[in-house]
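Asker: Dumping the structure here so I can ask a few things about it.
The values are calculated or read from the model by the stated rules, or taken from the named source; none is laboratory data. What you see is a predicted model, and the numbers here were worked out from it, not measured in a lab. Every residue, glycine as well, gets a Cβ built from its backbone with ideal geometry; the counts of neighbours run over all protein chains shown. Quick note on the areas: whole protein, heavy atoms, side chains included, nothing else; ligands and nucleic acids left out. Shrake-Rupley method; radii C 1.70, N 1.55, O 1.52, S 1.80 Å.
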Amino acid sequence: WLTIRDPSRRRPVPNFTVCLQCAKIVETLLPNMEGVFVPLDLGSDISKSVCSLHFTPKRKRFALYFDALETTSHKAISSKRPPNIASLASKLERLGAVEECREDSPVPYGYWHVMQFLPEFTVCGECFDEAVRPKLLDDNLIAKNFYMEKQRLREATCQLYSARMREIFSKACRRNDPKLLEARVRERLEVEADIHGKLVKLDRAGHDKIWTDQQVSKLVEEWKRWE
């Protein structure tokens, strides 16, 4: 893994790791940024690292990271000076202060926001800040049911990244209806487990690849209705 080192603090930017391929792409697009990426210290915990600059349509933070790099590059060119790495590092650290949501990808031994009456409703830090914290400011009773401290769980997925679940959560908060939230969360978990089990069976069955791919696509489309 590569990262960017903050020269003012003499340490790598927290929660910012980049693979070699993506680093080379950035240096090709922004030539004056060559050398900004440095190897991550061997002693760093990289067990849960993902490439911060790897693009997928669902990842909102990619555009913010690349914009910070591009802006730094353009400012350096216009001022005819080297890139301001200290300023860049500060921007990247603010962006990465909360880990990016991994959506329905299981996260082992992560820290989650968990409700007292509904512990199955696990919410990542990013989604908590976006969907729950504003309701805490309104003193909402359901939002206040989350534990004060994050809970470390053996494995979990975020239950609040989708527009559907955020609307359900908002409706439950508006109506002060914890039973609505509980029913929908448990229903979603049952569907998630069922679809995951079917995917595992398809993977182990060893059927024709084209047929298997078609079945997988159908299950993925079905999950989109429930996520």
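Asker: Out of (1) touching a Cys at 6+ places or on another chain (Cβ under 6 Å); (2) crowded, with 18+ Cβ neighbours inside 10 Å; (3) in a loop (DSSP other than H, G, I, E, B), what's the single condition that is false for residue 126?
Answerer: (3)
Asker: If you take just the helices (runs of 4 or more DSSP H) that sit entirely in segment 1-99, which of them hold at least 2 residues that are out of contact with any helix residue (DSSP H, G or I) (no Cβ under 6 Å at 6 or more places or on another chain) and basic (Lys, Arg)?
Answerer: The helices (runs of 4 or more DSSP H) meeting that bar are 61-79.
Asker: Does residue 84 satisfy being open to solvent by 30 Å² or more (accessible area, probe 1.4 Å) and in contact (Cβ under 8 Å) with a residue 24 or more places away in the chain?
Answerer: Considered against the rule, which asks whether it is open to solvent by 30 Å² or more (accessible area, probe 1.4 Å) and in contact (Cβ under 8 Å) with a residue 24 or more places away in the chain, residue 84 comes out as no.
Asker: Exactly one of these conditions fails for residue 42: (1) among the aliphatic types (A, V, I, L, M); (2) open to solvent by 40 Å² or more (accessible area, probe 1.4 Å); (3) modelled with pLDDT of 90 or more. Give me its number.
Answerer: So the condition that residue 42 fails would be (3).
Asker: Considering segment 132-173 alone, what residues qualify as being small (Gly, Ala, Ser) and within 26 Å of residue 196 (Cα to Cα)?
Answerer: Listed by number, the residues that qualify are 156, 162, 163.
Asker: For segment 144-193, what are the residues that are part of a loop (DSSP other than H, G, I, E, B) and more than 12 Å from residue 122 (Cβ to Cβ)?
Answerer: Once the filter is applied, which keeps residues that are part of a loop (DSSP other than H, G, I, E, B) and more than 12 Å from residue 122 (Cβ to Cβ), segment 144-193 yields 148, 149, 162, 176, 177.
Asker: For the list (1) touching a strand residue (DSSP E or B) at 6+ places or on another chain (Cβ under 6 Å); (2) at pLDDT 95 or above; (3) hydroxyl-bearing (Ser, Thr, Tyr), I need the number of the one condition that residue 72 fails.
Answerer: Status for residue 72: all satisfied but (1).
Asker: Taking the residues in segment 3-29 that are open to solvent by less than 30 Å² (accessible area, probe 1.4 Å) and among the hydrophobic types (A, V, I, L, M, F, W, C) as candidates, determine which candidate is nearest to the chain's Cα centre (by Cα).
Answerer: Among those that are open to solvent by less than 30 Å² (accessible area, probe 1.4 Å) and among the hydrophobic types (A, V, I, L, M, F, W, C), it is 16.
Asker: Right, here's the next one. What number of residues in segment 105-123 are open to solvent by less than 50 Å² (accessible area, probe 1.4 Å) and assigned to a strand (DSSP E or B)?
Answerer: Total satisfying the criteria: 8.
Asker: Does residue 102 meet the test of being open to solvent by 60 Å² or more (accessible area, probe 1.4 Å) and in contact (Cβ under 8 Å) with a residue 24 or more places away in the chain?
Answerer: Criteria met by residue 102.
Asker: Condition first: open to solvent by 30 Å² or more (accessible area, probe 1.4 Å), out of contact with any helix residue (DSSP H, G or I) (no Cβ under 9 Å at 6 or more places or on another chain) and touching a residue at least 24 places away in the same chain (Cβ under 8 Å). Now tell me which residues in segment 139-177 satisfy that.
Answerer: 147, 151, 152, 153, 154, 155, 176
Asker: Which is touching a Ser or Thr at 6+ places or on another chain (Cβ under 6 Å) and surrounded by 11 or more Cβ atoms within 10 Å (Cβ to Cβ), of 187, 227?
Answerer: 227
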